[in-house]
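This report refers to the structure that appears directly beneath it.
The values are calculated or read from the model by the stated rules, or taken from the named source; none is laboratory data. As the structure is a prediction and not an experimental result, all values here were calculated from the model. Cβ placement follows ideal geometry from the backbone for every residue including glycine, while neighbour counts extend to all protein chains displayed. The area values use the complete protein model at the heavy-atom level, side chains included, leaving out ligands, DNA and RNA. Shrake-Rupley method; radii C 1.70, N 1.55, O 1.52, S 1.80 Å.
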Amino acid sequence: MARVSEDFMKLQSGYLFPEVARRIRAWQEKNPGEKVMKLSIGNTTEALPRYIADEMKRKIDLLLDRNTYTGYGDEQGDTPLREALSKHYYDEYGVTLSPSAFFVSDGAKSDAANIQSIFSRDSIPAIQNPAYPVYVDSNVAGGHTGSYDEENDGYSGIVYMRADASNGFVAEPPKEHADLIYLCFPNNPTGATATKDQLKAFVDYAHRENAVIIFDSAYSDYIETPSIPHSIYEIEGAEDCAIEIGSFSKNAGFTGVRLGWTIVPETLKAEGAEDGTVHRLWNRRQCTFFNGASNISQAGGIAALSKTGRRECMQLVEYYKENARIIYKGMKELGFECYGGIDSPYIWTGCPSGMTSWDFFDYLLDKAHVAVTPGSGFGSAGEGFVRISAYGHREDVLAAVQSIKERLG
Ligand code: PLP
């Protein structure tokens, strides 16, 4: 008889976004005709940049002709895109990585979820609390943890690295041993960024503990503060202890188009394995379970990394960053404790005293008709905060901030 995976069965129900949607629906039923202004999700809203879209159209024209048609490509991604990514890292971050270190994918989420599968089951994950939920859930489903422990509000076997106001939402490396260290900067949900020294502490930890860092840089283009690193490879020694995951979703507007990449340097070390083994295993994993990213998306990716494409991406990023500034300023003026929102599209906002994340969610929905995301949904340390997202049309963001000011001010 087929039995279901005990590891998948350990997963707690995907409570956060379905519950947000359920409460919005319930509120709308009670308040027919009233519009809810949503600053709750991390989904892009603005049109694709023109040049990037035109290059994808051009690729479709090539596919319409049997003489230029192409089917399956390399599982690792098209060589020109891998070369363009390598050049991008060199030109913009001064980092040297060979094109063969880049594995093109259908987005950062699947890579962030799948990367644990090439490490031994007894690898101990260390994850910031709060965090993008994929890191915790993929480690649970991949059998790297114990069960959910209600009392501790977390899974046994995970080293939770608490990120709160006292450490500027950047945890220090843990005191205890861990094998897979998940980091995400600029951070979802807190909007925090890490300095070179803070990242160096993790690189030093990884060297000391024979650990591997998994660095999610999905929001790197939102960084404007010059001293903040965009890539973990800006830290010396990271190329033998860190994997980096990137995305075209939040800079080129590819949330629906789908395209990302993962960097696994040939020099990456893992305990008890020859150098190059992690690279070889990720290649093996991708060749076995993945048939390559869409060739239309990859044409878009190459365009996004060209001079014109980069300009377009940064204009798009600037649009969302202006939204972030509007939200940050509006919430600050009302006296709320606010973090993030500068090198990031997320504003991590403290709840009024005595309110939980869900209380404040309900309050904002009911009073201002604005939906946000309760911080506790990203981990127990997110309690007492909500995440406000800058992804939205400018007019909707302005209306939402105005409504909060009028009805809460
Ligand atoms: N990583 C982080 C931290 C995210 O917040 C998101 C999406 O919101 C992703 C990855 C997903 O990126 P992609 O659309 O490339 O799968």
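Just the number, please: carbon plus sulfur as a percent of the accessible area of the chain, 1.4 Å probe, no ligands or DNA/RNA counted. Intermediate results must be reported in sequence, preceding the final value.
Values: 9230 of 18280 Å².
Answer for the chain is 50 percent, counting heavy atoms of protein chains only.
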Of ALA218, ALA84, ALA324, the most mobile residue in a GNM of the chain (C-alpha springs, cutoff 10 Å) is ALA84
Could you calculate the contour length gain from GLU92 to THR79, that is, 0.36 nm times the residue separation minus the distance between their Cα atoms, to one decimal place in nm? 2.7 nm
Work out the FRET efficiency for ALA165 and GLN12 from their Cβ-Cβ distance, taking R0 = 45 Å, and round it to the nearest 0.05. 0.95
Cleavage-rule hits (chymotrypsin sites (Phe, Trp or Tyr not before Pro)) in segment 1-96: DSSP loop, at most 15 neighbouring Cβ within 10 angstrom: TYR15, TYR69, TYR72
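Hey, what's segment 112-218 come to in accessible area per residue, 1.4 Å probe, Å²?
Details: 3970 Å² over 107 residues.
About 37 Å² of surface per residue is accessible.
For the chain, what is the mean residue ellipticity at 222 nm derived from helices alone (per DSSP H run of n ≥ 4: -39500 (n - 2.57); sum divided by total residues; nearest 500 deg cm²/dmol)? Could you put the intermediate results ahead of the total?
Working: 13 runs with 159 residues, N = 409.
Calculated from helices alone, the mean residue ellipticity at 222 nm is -12000 deg cm²/dmol.
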Mind checking segment 266-370 for GluC sites (Glu not before Pro) that DSSP puts in a loop (not H, G, I, E or B) and that have at most 12 other Cβ atoms within 10 Å? GLU271, GLU274
Between segment 110-168 and segment 46-98, the Cα center-to-center distance that results, in Å: 33 Å
Long-range amide H partners of CYS351 with built H, under 5 Å: PHE385, VAL386
Kindly state, as a whole number, the per residue volume in cubic angstrom of the convex hull around the alpha carbon atoms of the chain. 170 Å³
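Quick one: putting +1 on the C-beta of Lys and Arg, -1 on the C-beta of Asp and Glu, what dipole do you get for the chain around its Cα centre, in Debye to the nearest 20? Write down the numbers at each step before the final one.
Numbers: 40 positive and 56 negative charges, 255 e Å.
Computed charge dipole of the chain: roughly 1220 debye.
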At 0.36 nm per residue, minus the direct Cα-Cα distance, what do SER5 and ARG25 gain on full extension? Give it in nm, one decimal, please. 3.9 nm
Starting from segment 228-260, pick out the GluC sites (Glu not before Pro) whose DSSP state is loop and whose Cβ has at most 14 other Cβ atoms within 10 Å. GLU236
How large is the accessible surface of ASP106 in square angstrom, using a 1.4 angstrom probe and rounding to the nearest 10? 60 Å²
